[in-house]
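So the structure is just underneath, and the comments pick up after that.
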Amino acid sequence: EYIPQITVAELEELQAKEPVAVLDVREAGEVEVGAIPGSIRIPLGELPGRLEELRPYSDRLLVTHCKGGYRSSIASSILRRGGFENIANLTGGY
């Protein structure tokens, strides 16, 4: 299945129009240098066991991101397998 890829500029446009949830799958040390305000942080390795924490956000677009884009792509796949439909991956990472 195709998972949409969006840019930072597209994310900003979406956030101005509608509620968007951002899932940060980076590790704690990476988050210390900065994070997208309001993002939800669940490290990729913990994501399969913590999907239920994201159910409250299933009514909006859930955008995954990491440092470079590889882990967030995996996270998007995990979310899709977990039943999340409205998801996208942030290209280029943070």
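Backbone N atoms of region 1-26 closer than 11 Å to the 7 Å Cα→Cβ label point of residue 60 belong to residues 15-23.
Of the solvent-accessible surface of the chain, computed with a 1.4 Å probe over protein heavy atoms with every protein chain present, carbon and sulfur atoms account for 52 percent. Only DSSP H runs of four or more residues enter the estimate; each adds -39500 (n - 2.57), and after division by the residues of the chain the mean residue ellipticity at 222 nm equals -7500 deg cm²/dmol. Computed log10 I(q)/I(0) for the chain at 0.11, 0.13, 0.15, 0.17 Å⁻¹: -0.26, -0.36, -0.49, -0.64, from the Debye equation with unit scatterers placed on every C-alpha and solvent omitted.
Taking amide H as placed 1.01 Å from N in the peptide plane, residue 64 has its amide H under 5 Å from the amide H of 23, 88, 89, 90, each at least 5 places away in sequence or on another chain.
Measuring from label point to label point, each 7 Å out along Cα→Cβ, what is the residue 52 to residue 31 span in nm? Result for the modelled spin labels: 2.0 nm.
The region of the chain that goes longest without hitting one of the GluC sites (Glu not before Pro) in a DSSP loop, each with at most 16 other Cβ atoms within 10 Å, is 33-84.
For region 15-62, the solvent-accessible area works out to 57 Å² per residue, with a probe of 1.4 Å and every protein chain left in place.
The values are calculated or read from the model by the stated rules, or taken from the named source; none is laboratory data. Source: prediction; values computed, not measured. A quick note on method: Cβ atoms are made from the backbone with ideal geometry, for glycine too, and the neighbour counts reach across all protein chains shown. The area values use the complete protein model at the heavy-atom level, side chains included, leaving out ligands, DNA and RNA. Shrake-Rupley method; radii C 1.70, N 1.55, O 1.52, S 1.80 Å.
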